[in-house]
Amino acid sequence: MNTNYRQIDDLPLSLRVDELMTVLDIGRNTAYAMLRSGVIRSVRIGRQIRIPRDALIEFLRGDANSTSLP
């Protein structure tokens, strides 16, 4: 697993929660709260949660519907 991301293009098409935590330098509880509230879009594949790279980019640009936690 390459977690040495220098550019957005280095990110995989979908990230796991632990990768999101590393990229944003946030904790597990905060990451799950952001996903649960819809601040960052995610998809569930079976029991796994994946975050599309585009959803992360939208969040970072401020394009997401809501940018604050409830």
From the residues in the range 34-66 that are among the small types (G, A, S) and surrounded by 15 or more Cβ atoms within 10 Å (Cβ to Cβ), which one is farthest from P12 (Cα to Cα)?
A64
Could you check D18 against (1) under 21 Å from G62 (Cα atoms); (2) part of a helix (DSSP H, G or I); (3) without any contact (Cβ under 8 Å) to a residue 12 or more places away in the chain and say which number it fails?
(1)
Taking the condition modelled with pLDDT under 95 and out of contact with any helix residue (DSSP H, G or I) (no Cβ under 6 Å at 6 or more places or on another chain), does L60 pass?
yes
Please specify each residue of the range 44-54 satisfying the condition of being under 15 Å from E19 (Cα atoms) and either among the charged types (D, E, K, R) or out of contact with any Ser or Thr (no Cβ under 7 Å at 6 or more places or on another chain) (or both).
Q48, R50, R53, D54
If you scan the range 31-58, which residues turn out to be in contact (Cβ under 8 Å) with a residue 24 or more places away in the chain and assigned to a helix (DSSP H, G or I)?
A33, M34, S37, R53, L56, I57
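The values are calculated or read from the model by the stated rules, or taken from the named source; none is laboratory data. Everything numeric in this text was worked out from a predicted model, so none of it was measured. All Cβ positions, even for glycine, are placed from backbone atoms using ideal geometry, and neighbour counts span all protein chains on display.
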